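Notes for the one structure printed next.
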Amino acid sequence: MIHLKSEGGYACVAPVFASTVEEVEGAKQLISIDIDDCCCPICEEDRGALEIYTTMSMRLVHNNTVITQRITTTEAISIAKTLMDYANVLVELAEEFGSEKLVEMD
Ligand SMILES: [Zn+2]
């Protein structure tokens, strides 16, 4: 058993924009990233007064509940970097140690 402690495996972003929660009948479990830099009416309504090409939107969907969080480019880069860095660490560990179980220590 391998004990793993990584400072790079944690990200906490206090977003500029408030999240929204809505109930959507038939919504299934998923994570979506919307690059809504489009001029269609739906994207324009979602962006509101925000400039095009400045933000993106993330959605977590679970059992008809949709949580939407608009993020800035800085926030997106921070989240993406943490996910990439930590995923690469885990891939390297899995390649090195095979199927041994990894346990994160507090
Ligand atoms: Zn659109």
Only residues in the range 35-63 that are modelled with pLDDT of 90 or more count as the first member; pair them with residues that are among the charged types (D, E, K, R) and more than 9 Å from the ligand (Cβ to nearest atom), Cβ under 7 angstrom, at least 6 apart or cross-chain, and list the lot. T55/R70; S57/R70; V61/K28
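Is there a residue in the range 67-85 that is out of contact with any Cys (no Cβ under 8 Å at 6 or more places or on another chain) and either at positive phi or aromatic (F, W, Y) (or both)?
Within the range 67-85, the subset out of contact with any Cys (no Cβ under 8 Å at 6 or more places or on another chain) is 67-85.
From what's left, either at positive phi or aromatic (F, W, Y) (or both): none.
No, the conditions are met nowhere in the range 67-85.
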Identify all residues within the range 19-34 that are of a type in the set (A, V, I, L, M, F, W, C) and part of a strand (DSSP E or B); write none if there are none. V21, L30, I31, I33
How many of the residues making up the range 51-74 are within 16 Å of the ligand (Cβ to nearest atom) and farther than 22 Å from C12 by Cβ? 4
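Right, Y86: within 16 Å of the ligand (Cβ to nearest atom) and either of a type in the set (G, A, S) or under 21 Å from the mean Cα position of the chain (by Cα) (or both) or not? Spell out the reasoning first.
Numbers: within 16 Å of the ligand (Cβ to nearest atom): no; either of a type in the set (G, A, S) or under 21 Å from the mean Cα position of the chain (by Cα) (or both): yes.
No: the conditions fail for Y86.
Name the residue that is farthest from H62 (Cα to Cα), counting only residues in the range 32-50 that are more than 9 Å from the ligand (Cβ to nearest atom) and not aliphatic (A, V, I, L, M). Please lay out each step first, then the result.
In the first step, residues of the range 32-50 are kept if they are more than 9 Å from the ligand (Cβ to nearest atom); the result is 32-33, 35, 45, 47-50.
After this cut, where a residue has to be not aliphatic (A, V, I, L, M) as well, the list is 32, 45, 47-48.
Numbers: S32: 12, E45: 23, R47: 23, G48: 25 Å.
Taking the candidates together, the pick is G48.
The values are calculated or read from the model by the stated rules, or taken from the named source; none is laboratory data. The model shown is predicted, which means the values in this text are computed figures rather than measured ones. All Cβ positions, even for glycine, are placed from backbone atoms using ideal geometry, and neighbour counts span all protein chains on display.
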